[in-house]
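Visitor: Here it is: the structure, laid out below.
The values are calculated or read from the model by the stated rules, or taken from the named source; none is laboratory data. These numbers come from a predicted model, not from an experiment. When we count neighbours, we look across all protein chains shown, and the Cβ atoms used for this are built from the backbone with ideal geometry, even at glycine. Surface areas here come from the heavy atoms of the whole protein model, side chains and all, with no ligands, DNA or RNA. Shrake-Rupley method; radii C 1.70, N 1.55, O 1.52, S 1.80 Å.
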Amino acid sequence: GYAAVSYVKDENIEEFTVPETVEGLPVVGVQWGAFRNCSKIKKLTLSKNVIVNNWDSFAEKTMAEIAVTEDNENYTVADGALYSKDMKTLVAFPPAGSAEEFKVSDKTEKIDDCAFVCCKNLKKIVLNDNIKEIGAFAFWGCSALSDIALPNGRKEIKAQTFAGCTSLSDIDIPESVESMNDGAFNDAGCIKTEDGIYYVDNWAVGSDKDIERGDIRYG
C-alpha cells in the first residue's frame, strides 16, 4: 500500500525531489543507501508523504540543502535544519551545509538519531535547556565541532553520540548524567589517557587493549 525510494541511478544528479506517488502508491520513505551513487547531489526535497525514521538513510556527504514541499504536514525547515512541524524535534542537518555555527531552536525538545551525522563544517552548536533527549549517533563524524555544551538534566549519553568529533578537545558532562552508552566518545578529541584508561571529564570511557591493570583515578 506504499512505496519507498530504493535507488537513484543518475550519478550526475544534483537535486532530487522525492515523488509524492509512484503508480498510485504514496512514497513514504527512502531506503538506506538510496543515494550512494549520487556523488554530486546537493539538494534533497521531501514531498508530503515522506517520513524520516533515520536521517542516516537519506544523508550523503555532498548534501548541502534540505527542503520540503509546501503541502508537507510533517516537517519544516528553519536555518537550514529539518524540524518536525511543531519544531519540537530536530530531525536533520545537511552534511555539507556551509554554516560553521548553528543554534537549535528554543522550541526543540529532542534531537533525532544521526541528526548531525558527518556535518564537517560545523564548529559550534548551541543547545537549548529544553532539550530532553539527544539521539544515538547525533553528532557522529562532526570532525570540526569544537564548541558544544550539554544542557543539564540529561541522564544518558547514547551510543556513538560524539564519536569521530576529533576537534572536540573539551566537554563538561553534566552531573545529571547517569549512564553513557557504547562508544559515545570513540575517537573524540576530548578523550584523555592516564595509565591506559580513557577519560572524558569525570567519566572513564575505555582503555588500551593491552592494559593489564586498571586503576581508576580518584573522583
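Visitor: Please go through the range 27-79 and give me each residue that is closer than 22 Å to residue 99 by Cα, aromatic (Phe, Trp, Tyr) and part of a loop (DSSP other than H, G, I, E, B), ordered by number.
Guide: 58
Visitor: Could you check, for the range 204-213, whether at least one of its residues is in contact (Cβ under 8 Å) with a residue 24 or more places away in the chain and surrounded by fewer than 18 Cβ atoms within 10 Å (Cβ to Cβ)?
Guide: Within the range 204-213, none of the residues are in contact (Cβ under 8 Å) with a residue 24 or more places away in the chain and surrounded by fewer than 18 Cβ atoms within 10 Å (Cβ to Cβ).
Visitor: Quickly run through the range 18-47 and pick out the residues that are in contact with a strand residue (DSSP E or B) (Cβ under 9 Å, 6 or more places away or on another chain) and open to solvent by 80 Å² or more (accessible area, probe 1.4 Å).
Guide: Residues satisfying the conditions are 23, 31, 42.
Visitor: Could you run through the range 183-219 and say how many residues are farther than 14 Å from residue 171 by Cα, of a type in the set (Gly, Ala, Ser) and either in a loop (DSSP other than H, G, I, E, B) or out of contact with any Phe, Trp or Tyr (no Cβ under 9 Å at 6 or more places or on another chain) (or both)?
Guide: Qualifying residue count for the region: 4.
Visitor: Filter the range 166-182 down to residues that are surrounded by fewer than 17 Cβ atoms within 10 Å (Cβ to Cβ) and not in a loop (DSSP other than H, G, I, E, B), then give me how many there are.
Guide: The number of residues fulfilling the criteria is 1.
Visitor: Among the listed residues 33, 97, 29, identify the single one that is more than 17 Å from the chain's Cα centre (by Cα) and among the small types (Gly, Ala, Ser).
Guide: 29
Visitor: Separate question: Does any residue of the range 86-106 turn out to be farther than 22 Å from residue 45 by Cβ, part of a strand (DSSP E or B) and open to solvent by less than 30 Å² (accessible area, probe 1.4 Å)?
Guide: Among the residues of the range 86-106, not one is farther than 22 Å from residue 45 by Cβ, part of a strand (DSSP E or B) and open to solvent by less than 30 Å² (accessible area, probe 1.4 Å), which makes the answer no.
Visitor: Answer yes or no as to whether residue 11 is surrounded by fewer than 16 Cβ atoms within 10 Å (Cβ to Cβ) and outside any strand (DSSP E or B).
Guide: Answer is yes for this residue.
Visitor: Shifting gears a bit: If you check residue 73 against the conditions, is it open to solvent by 10 Å² or more (accessible area, probe 1.4 Å) and at pLDDT below 95?
Guide: It is true that residue 73 is open to solvent by 10 Å² or more (accessible area, probe 1.4 Å) and at pLDDT below 95.
Visitor: Just to be sure I understand the filter: pairs with C-beta atoms under 6 Å, separated by 6 or more residues or on different chains, first member in the range 122-133 and assigned to a strand (DSSP E or B), second member open to solvent by less than 80 Å² (accessible area, probe 1.4 Å) and not acidic (Asp, Glu). Which pairs pass?
Guide: Matching pairs, first to second residue: 125/102; 125/148; 133/110.
Visitor: Could you say which residue among 159, 144 is touching a Leu at 6+ places or on another chain (Cβ under 7 Å) and surrounded by 14 or more Cβ atoms within 10 Å (Cβ to Cβ)?
Guide: Going through 159, 144 in turn, the sole match is 144.
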